[in-house]
Amino acid sequence: MLPKRLGPYLIEGRLASGGMAEVYVAHREGPHGFRKKVALKCILPDHARDDDFMGMFIDEAMIAAQLNHPNIVQVFDFGEDSDALFIAMELVDGTSVNRLLRAVVARGDVVPLGAALHIASEAARALSYVHSVANETGEQMGLVHRDISPANLLLTRRGHVKVTDFGIARCLLSPSRTEDGQVRGKLGYMSPEQVTASLLTGRSDVFALSVVLAEMLIGEPLFGRSADLDILLRIRNVDTSVLYASRR
């Protein structure tokens, strides 16, 4: 059952549910008819008492709150209600690259070149900012998103691109949970450094964005649909043979 309220936010309905969190459409009301819609992200009940997940969720809120860029989903608020943590974020009116890809592939098509390049270019602007951003004291944060994938690239109805979900971001200023030696990221969109648990830099995100761009242009997974281990090995070896096969 959906909660009716989290903190000052009234829940309207569920927007999405993922591995450790779910997102609701909600709004906050204020004096003189003020009303602001938001996307409200909170940890799934099964993970609410897991210290690791809780720590990552807190890190996500703290990191995302310091980011201010037109191509990044903005975080407005972070709070707690009855031991439930939540993040209030910008509600993007539109879709995701994931849904776009599924729609075009379903009709045997690919994303037009101009549109694919626009999406990649806008996302690259966000990543350039992320990789160079400093905190309020001027320290370089050393951010790496680590989860650039079609699901985390949102498209507004006006054609703007927004990068979202810093849930597994690596930050030099908070290394305890981001440098734990675990392989994190979505299968098929990780960099060779990620699958080998090597030191990550911003180039890892650029690699992942390149994978998304390639898939928009060829209409199929760059590293195939086979067993997980086979996909990981193709990523490690940067096996992009599907690009040559798609030209035939």
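The values are calculated or read from the model by the stated rules, or taken from the named source; none is laboratory data. Quick caveat, the model's predicted, so the values are computed rather than measured. Using ideal geometry, Cβ is built from the backbone for each residue, glycine included, and neighbour counts are taken over all protein chains shown. SASA here: full protein model, heavy atoms, side chains in, ligands and nucleic acids out. Shrake-Rupley method; radii C 1.70, N 1.55, O 1.52, S 1.80 Å.
How do the strands (runs of 3 or more DSSP E) wholly within segment 16-127 filter down when requiring 1 or more residues that are under 24 Å from residue 211 (Cα atoms): which remain?
Strands (runs of 3 or more DSSP E) meeting the threshold: 94-96.
Only one of these is without any contact (Cβ under 8 Å) to a residue 40 or more places away in the chain, more than 14 Å from residue 105 (Cα to Cα), among the aliphatic types (A, V, I, L, M) and in a helix (DSSP H, G or I): 209, 229. Name it.
Of 209, 229, the one residue that is without any contact (Cβ under 8 Å) to a residue 40 or more places away in the chain, more than 14 Å from residue 105 (Cα to Cα), among the aliphatic types (A, V, I, L, M) and in a helix (DSSP H, G or I) is 229.
Just to be sure before I move on: is residue 103 out of contact with any Leu (no Cβ under 7 Å at 6 or more places or on another chain), more than 19 Å from residue 127 (Cβ to Cβ) and at pLDDT 95 or above in the structure I sent?
yes
Can you name every residue in segment 193-203 that is among the hydroxyl-bearing types (Ser, Thr, Tyr) and surrounded by 18 or more Cβ atoms within 10 Å (Cβ to Cβ)?
Let us first name the residues in segment 193-203 that are among the hydroxyl-bearing types (Ser, Thr, Tyr), namely 196, 198, 201.
Hits for segment 193-203: nothing passes.
Could you list, in sequence order, all residues of segment 106-131 that are over 19 Å from residue 147 (Cβ atoms) and surrounded by fewer than 16 Cβ atoms within 10 Å (Cβ to Cβ)? Explain how you work it out, then say what you get.
Restricting attention to segment 106-131, the residues satisfying the condition of being over 19 Å from residue 147 (Cβ atoms) are 106-118, 121.
106, 107, 108, 109, 112, 113, 114, 115, 117, 121 - these are the residues of segment 106-131 that are over 19 Å from residue 147 (Cβ atoms) and surrounded by fewer than 16 Cβ atoms within 10 Å (Cβ to Cβ).
Taking residue 60 as meeting all but one of (1) among the acidic types (Asp, Glu); (2) open to solvent by less than 40 Å² (accessible area, probe 1.4 Å); (3) farther than 18 Å from residue 18 by Cα, write down the number of the exception.
(3)
Yes or no: segment 2-10 includes at least one residue that is open to solvent by less than 30 Å² (accessible area, probe 1.4 Å) and closer than 17 Å to residue 73 by Cα.
So the first thing to find is which residues in segment 2-10 are open to solvent by less than 30 Å² (accessible area, probe 1.4 Å), and the list is 6-7, 9.
Of the ones still in play, those that are also closer than 17 Å to residue 73 by Cα are none.
No: zero hits.
Can you say whether residue 142 is under 16 Å from residue 200 (Cα atoms), modelled with pLDDT under 95 and either open to solvent by 10 Å² or more (accessible area, probe 1.4 Å) or among the small types (Gly, Ala, Ser) (or both), as far as the supplied structure shows?
yes
Every residue in segment 80-94 that is under 18 Å from the mean Cα position of the chain (by Cα) and open to solvent by less than 50 Å² (accessible area, probe 1.4 Å), please. Quick ask: steps written out before the conclusion?
Initially, segment 80-94 is screened for residues under 18 Å from the mean Cα position of the chain (by Cα), giving 86-94.
Result: 86, 87, 88, 89, 90, 92, 94.
Condition check ((1) closer than 22 Å to residue 101 by Cβ; (2) at pLDDT below 90; (3) of a type outside the set (Lys, Arg); (4) open to solvent by 20 Å² or more (accessible area, probe 1.4 Å)) across all residues:
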residue: 157; (1), (2), (3), (4): yes, no, no, yes
residue: 163; (1), (2), (3), (4): yes, no, yes, no
residue: 172; (1), (2), (3), (4): no, yes, yes, yes
residue: 177; (1), (2), (3), (4): no, yes, no, yes
residue: 182; (1), (2), (3), (4): no, yes, yes, yes
residue: 191; (1), (2), (3), (4): yes, no, yes, no
residue: 205; (1), (2), (3), (4): yes, no, yes, no
residue: 222; (1), (2), (3), (4): yes, no, yes, no
residue: 226; (1), (2), (3), (4): yes, yes, yes, yes
